[in-house]
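Take a look at the structure below.
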Amino acid sequence: MDTLRRQCPWDARQTHESLAKYLLQEAYETLETIEAGDYATLREELGDVLLQVLFHARIAQERGADGWTVDDVADAIIDKLTRRHPHVFGGVAVEGVDDVRANWETIKAAERARKGDAEASILEGVPFGQPAALLAYELQKRAVRNGLPDDLITDDGGAGGGLFAGVDAERRRDADPEIDLRAAARRFDRRVRAAEAKARADGRDPRALTPEQWRAYWGTDRPRD
């Protein structure tokens, strides 16, 4: 990164803001390899994500006394993981995952209090920049973990209320709505493409099919993950 920042005109002009979109793109490309089970390519995609971390750290380092390095990034996450896992690195006893989650929320609340955010919402820290299904899931999960009754989750009228309730239904059965919705989208994509292939085999243009013809080619062979 030091060499690239000095010798490559494109790398030299990048900022945290200009690189932001690449962080998102690389994360989604990594997710696609996981969904496809392509673990050989996963190694390469994780490298692309790591590159973004190194790039941002190198830019921050150039700010001098006001900046930080990739070592600072590593130190910060080590401190955070150690602090939030007292059952591993301390003397706290837990009986299962539920205890770990409860401790996690208590520790995060204490961290907010130390930062002067004692009156912060229980939803503080849930990023609104994430996909909508995942955002709804994280908000619901955080609220319930902090005492909000389940029956109040879907007491939310207005546009999108039905979708929000759908996410809640997935959450209640311990499913991940973002991953499941992506899986449903992939199944739909495969089914449309299969119907198109059948139409072309019959000499028909899929774009000119009537609704009845679409139903005929749709068939009953539902694709699976």
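The values are calculated or read from the model by the stated rules, or taken from the named source; none is laboratory data. Being a predicted model, the structure only gives us computed values, none of them experimental. Every residue, glycine as well, gets a Cβ built from its backbone with ideal geometry; the counts of neighbours run over all protein chains shown. Accessible surface areas use protein heavy atoms only, side chains included; no ligands, DNA or RNA. Shrake-Rupley method; radii C 1.70, N 1.55, O 1.52, S 1.80 Å.
What separates the Cα centres of the range 1-34 and the range 157-225 is a distance of 34 Å. A simple count of charges around residue 168, restricted to other residues whose Cβ falls under 15 Å of its Cβ and scoring Lys, Arg +1 and Asp, Glu -1, yields -4.
Distances longer than 17 Å among the Cα atoms of the range 122-223: what percent of all pairs is that? Every Cα pair in the range 122-223 considered, those over 17 Å come to 63 percent. Taking the charge dipole of the range 74-203 about its Cα centre, with +1 at Lys and Arg Cβ atoms and -1 at Asp and Glu Cβ atoms, the residue from 133, 121, 194 reaching farthest to the positive side is 194.
In this simple spin-label model, placing a label point 7 Å from the Cα along the Cα-to-Cβ direction at both residue 209 and residue 32 gives a separation of 2.4 nm. Remark on residue 68: its backbone amide H falls under 5 Å from those of 61, 63, a criterion applied only to residues 5 or more positions apart or on other chains, H modelled at 1.01 Å from N.
Largest first, the residues 55, 164 sort by 1.4 Å accessible area into 164, 55. Straight-distance candidates among the lysines for linking to residue 80, with alpha-carbon spacing under 29 Å and chain neighbours fewer than 8 residues away dropped: 21, 108, 115, 141.
Between residue 94 and residue 201, residue separation times 0.36 nm minus the direct Cα-Cα distance comes to 32.5 nm.
Taking the Cα centre of the range 52-145 as reference, the dipole from Cβ charges on Lys and Arg (+1) and Asp and Glu (-1) amounts to some 160 debye.
Provide the FRET efficiency to the nearest 0.05 for the residue 46-residue 21 pair, computing r from the beta carbons and using R0 = 25 Å. That gives a FRET efficiency of 0.85. Solvent-accessible surface of the chain, averaged per residue with a 1.4 angstrom probe and all protein chains in place: 68 square angstrom.
Among residues other than residue 83 with Cβ under 14 Å from its Cβ, the summed charge is +2 (Lys and Arg +1, Asp and Glu -1). Which of rounded, prolate, oblate describes the range 43-144, given a ≥ b ≥ c as roots of the alpha-carbon gyration tensor eigenvalues and a/c under 1.5 marking rounded, otherwise prolate only if a/b is larger than b/c? Since a/c reaches 1.5 and a/b is larger than b/c, the shape of the range 43-144 is classed as prolate. Quick check on the chain: take the gyration tensor over C-alpha atoms, sort the square-rooted eigenvalues as a ≥ b ≥ c, and tell me if it's rounded (a/c under 1.5), prolate or oblate. Cα axes put the chain in the oblate bin.
Around residue 204, with a cut-off of 13 angstrom between Cβ atoms, what is the net charge of the other residues, counting Lys and Arg +1 and Asp and Glu -1? Spelling it out: positives minus negatives among the neighbours equals -1. Computed extension length for residue 109-residue 128: 4.9 nm, one decimal, from 0.36 nm per residue of separation with the Cα-Cα distance subtracted. Charges were assigned to the Cβ only: +1 to each Lys and Arg, -1 to each Asp and Glu. The resulting dipole of the chain about its Cα centre is roughly 600 debye.
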